[in-house]
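Input: a single structure, listed below in structure tokens.
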Amino acid sequence: MAYKRILFSVLLCMMLMLITTAVALAAEDNDFSNETCLQCHGAKNFSVEREGKTIPLYVDIEKFQQSTHGTNLCTSCHANIDSIPHKNVVYDEKLAAEIAEECETCHGDVNAEYRSSVHGQLEAKGESTALCADCHGTHGIRKKEDPESLIHRNNITNTCTKCHDEEVKESYAESFHGKAVNLGSSNAATCVSCHTGHKILGPEDPKSTVSKENLPETCAKCHFKAQPNYAKGIEHWTFEPTGPGAPMYWTLKFFTWLTIMTVTLLVIHIELELVRKYKEAKEGQDNQH
Ligand code: HEC
Ligand code: HEC
Ligand code: HEC
Ligand code: HEC
Ligand code: HEC
Ligand code: HEC
Ligand code: HEC
């Protein structure tokens, strides 16, 4: 009777294999080609109305193909799209947060760093923060060496100060590094030189690259002779009579007044000299007669 049992097992195995193949084939039907998506999303005026807002749904395929993900399937990032018409659509931050989980499947190491950062911690709490797409963009993501990349050194200031738009933006623009970078310097410090891109932590966290403990090392990447007291930990100060900028404020005030007074004295001196010369000349003329 053993051969019957073996035959039965073989048949069962074959049946299971058939079912698995059928399921796999069905799943493959859900892997829509990019051409399928572009039938609708390739149309320039394609958009949808949501809560009174017009959301453009057009994707510029040329820009996409030139991006670093130009050969990706649309569904590699848009895993939420598994049927046409789509079910459970979401937009804005919700969509970006959903997609961040797909970025993670291919960029696991970067993602782990991001999770440890202030931005990643806020994301975990569902609070408003910087998501992958805020710093990298969506369909036009490029490597940092590419001048069109949002993280290229010429563009990173704008990318970060979209959100950090007050004291930080102002103080960096006034700083030596900010001015140099703005003029196209290829080696002065950008936001990322001091803060990194994915391990960003506030100055109070001892693990932060800008904590009191780690700051000397951070500056020493470029300023070789940096000593612990070279970087006192006050980077973003503005010219104000109180607070961390006070010494600079009063020094500037002092030198401004010193300059004004010196110039005034000089002008008075020149005036007096001129008057004296004029008088002498006139006396000379009078004496000739
Ligand atoms: C590298 C990942 C990635 C790939 C690949 C990708 N997208 Fe996107 N897509 C995004 C991100 C990120 C968003 C923005 C979510 C947000 O912030 O609203 C987005 C948004 C969209 C939107 C919503 C409208 C908008 O612009 O916010 C549409 C429609 C869309 N993508 C279609 C496509 C199509 C079609 C393709 C293939 C040609 C594609 N995407 C490929 C990441 C990607
Ligand atoms: C038959 C036309 C059509 C096709 C084909 C199509 N879409 Fe859409 N798509 C739409 C419409 C309509 C909306 C707006 C739906 C809404 O807001 O109710 C939309 C919305 C979206 C959104 C934004 C909403 C969200 O939650 O993601 C993305 C992203 C998107 N489509 C990606 C894709 C991708 C990727 C493909 C290919 C797999 C695709 N679409 C194929 C019509 C289409
Ligand atoms: C706060 C802005 C910011 C956020 C948020 C962010 N990145 Fe980045 N990313 C950067 C910067 C800046 C660089 C360049 C790093 C450098 O110059 O050392 C970078 C580099 C990269 C690189 C290139 C490889 C590398 O390690 O340098 C990849 C891949 C990447 N990011 C993916 C992601 C993904 C995936 C997410 C979301 C989980 C993400 N990034 C979130 C700013 C950001
Ligand atoms: C299906 C896998 C996949 C997904 C999903 C994906 N990427 Fe990528 N990404 C890649 C590959 C592969 C490269 C390298 C391309 C190359 O070297 O030309 C890349 C390159 C990059 C780069 C440039 C890296 C560098 O060396 O400078 C950044 C930044 C990046 N991806 C961010 C993202 C973000 C943000 C998302 C989500 C919105 C995302 N990626 C989703 C596979 C993926
Ligand atoms: C030369 C190094 C350096 C550069 C360049 C730099 N930072 Fe900072 N940043 C620091 C240091 C040090 C601190 C902590 C002490 C302080 O607040 O001044 C800090 C603090 C911060 C804080 C928290 C401060 C607060 O007030 O809560 C933010 C946010 C920040 N930086 C963003 C940025 C952005 C955005 C850029 C680029 C526009 C940038 N930084 C450029 C070194 C730098
Ligand atoms: C989409 C918005 C957004 C973008 C883009 C963004 N951040 Fe942030 N960042 C935040 C929010 C929100 C917080 C938490 C609140 C705060 O401290 O300002 C934060 C916190 C920080 C902190 C910690 C501040 C502290 O005192 O704890 C630093 C440092 C920082 N960001 C630097 C950067 C740098 C550098 C970039 C660019 C590479 C950047 N951020 C891009 C939104 C953003
Ligand atoms: C990515 C490299 C880099 C990092 C990191 C960096 N700097 Fe600089 N810094 C420069 C360059 C380049 C110059 C211009 C040098 C020159 O032309 O003399 C500069 C100039 C300066 C100046 C102007 C006066 C001078 O010495 O030339 C000060 C002050 C300064 N940096 C302080 C700091 C401090 C403090 C830190 C750490 C919080 C730091 N820097 C981090 C690259 C960097």
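The values are calculated or read from the model by the stated rules, or taken from the named source; none is laboratory data. Source: prediction; values computed, not measured. Every residue, glycine among them, receives a Cβ derived from its backbone with ideal geometry; neighbour counts consider all protein chains shown.
Within the bounds of segment 186-200, is there any residue that is of a type outside the set (D, E, K, R), in contact (Cβ under 8 Å) with a residue 12 or more places away in the chain, in a loop (DSSP other than H, G, I, E, B) and within 13 Å of ligand 4 (Cβ to nearest atom)? Explain how you work it out, then say what you get.
First, pick out the residues of segment 186-200 that are of a type outside the set (D, E, K, R): 186-198, 200.
Next cut, in contact (Cβ under 8 Å) with a residue 12 or more places away in the chain only: 186-198, 200.
Then keep just the ones that are in a loop (DSSP other than H, G, I, E, B); that gives 186-190, 196-198, 200.
This time we only want the ones that are within 13 Å of ligand 4 (Cβ to nearest atom), so: 197-198.
Yes: segment 186-200 contains one or more residues that are of a type outside the set (D, E, K, R), in contact (Cβ under 8 Å) with a residue 12 or more places away in the chain, in a loop (DSSP other than H, G, I, E, B) and within 13 Å of ligand 4 (Cβ to nearest atom).
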Assuming V90 fulfils every condition listed in (1) part of a loop (DSSP other than H, G, I, E, B); (2) β-branched (V, I, T); (3) loosely packed, with under 11 Cβ neighbours inside 10 Å apart from one, which condition is it? (3)
T71 passes all but one of the listed conditions (1) within 20 Å of the chain's Cα centre (by Cα); (2) loosely packed, with under 12 Cβ neighbours inside 10 Å; (3) not charged (D, E, K, R); the exception is number (1)
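Name the residue, out of S47, S67, S33, S76, that is of a type outside the set (A, V, I, L, M), modelled with pLDDT of 95 or more, more than 29 Å from D146 (Cα to Cα) and more than 16 Å from ligand 7 (Cβ to nearest atom). Reasoning before the result, please.
Details: S67 fails: more than 29 Å from D146 (Cα to Cα); S33 fails: more than 29 Å from D146 (Cα to Cα); S76 fails: more than 29 Å from D146 (Cα to Cα).
Just a single option satisfies the conditions, and that option is S47.
Does A112 count as within 16 Å of ligand 2 (Cβ to nearest atom) and free of Cβ contacts under 8 Å to residues at least 40 places away in the same chain? Show your work before the answer.
Numbers: within 16 Å of ligand 2 (Cβ to nearest atom): no; free of Cβ contacts under 8 Å to residues at least 40 places away in the same chain: yes.
No; evaluated as a whole, the condition is false for this residue.
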Anything in segment 50-64 that is of a type outside the set (K, R) and either in contact with a strand residue (DSSP E or B) (Cβ under 7 Å, 6 or more places away or on another chain) or modelled with pLDDT of 95 or more (or both)? List them, or say none. T54, I55, P56, L57, Y58, V59, D60, I61, E62, F64
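On the given criteria, is E102 modelled with pLDDT of 95 or more, within 16 Å of ligand 2 (Cβ to nearest atom), part of a helix (DSSP H, G or I) and surrounded by 13 or more Cβ atoms within 10 Å (Cβ to Cβ)?
So E102 passes the test.
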For a quick check of your reading: which helices (runs of 4 or more DSSP H) sit entirely within segment 139-185 and have at least 3 residues that are within 13 Å of ligand 3 (Cβ to nearest atom) and out of contact with any Gly (no Cβ under 6 Å at 6 or more places or on another chain)? 156-161
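Has segment 188-201 got any residue that is exposed (fewer than 14 other Cβ atoms within 10 Å of the Cβ), under 17 Å from the mean Cα position of the chain (by Cα) and more than 11 Å from ligand 3 (Cβ to nearest atom)? Steps first, answer last, please.
Residues of segment 188-201 exposed (fewer than 14 other Cβ atoms within 10 Å of the Cβ): none.
No.
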For segment 234-247, does any single residue satisfy the condition of being away from ligand 6 (no atom under 16 Å from the Cβ), part of a helix (DSSP H, G or I), modelled with pLDDT under 95 and not aliphatic (A, V, I, L, M)? yes
When residues of segment 84-112 are limited to those that are of a type in the set (D, E) and within 19 Å of T159 (Cα to Cα), the one nearest to ligand 7 (Cβ to nearest atom): E93
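Within segment 123-138, work out how many residues are assigned to a helix (DSSP H, G or I) and near ligand 6 (Cβ under 7 Å from one of its atoms). Give the derivation first.
Applying the first criterion (assigned to a helix (DSSP H, G or I)) to segment 123-138 yields 123-124, 132-136.
Imposing the further condition that a residue be near ligand 6 (Cβ under 7 Å from one of its atoms) reduces the set to 134-135.
Residues that pass the stated criteria total 2.
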Can you tell me which residue in segment 214-227 is modelled with the highest pLDDT, limited to those that are surrounded by fewer than 12 Cβ atoms within 10 Å (Cβ to Cβ) and not basic (K, R)? F224
Tell me, please, whether a residue that is without any contact (Cβ under 8 Å) to a residue 40 or more places away in the chain, more than 11 Å from ligand 1 (Cβ to nearest atom), within 24 Å of G126 (Cβ to Cβ) and out of contact with any strand residue (DSSP E or B) (no Cβ under 7 Å at 6 or more places or on another chain) can be found in segment 67-85. no
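Inside segment 139-185, can you point out the residues that are hydroxyl-bearing (S, T, Y) and either within 12 Å of ligand 6 (Cβ to nearest atom) or free of Cβ contacts under 8 Å to residues at least 24 places away in the same chain (or both)? Give the derivation first.
Within segment 139-185, the subset hydroxyl-bearing (S, T, Y) is 149, 157, 159, 161, 171-172, 175, 185.
Within segment 139-185, S149, T157, T159, T161, Y172, S185 qualify.
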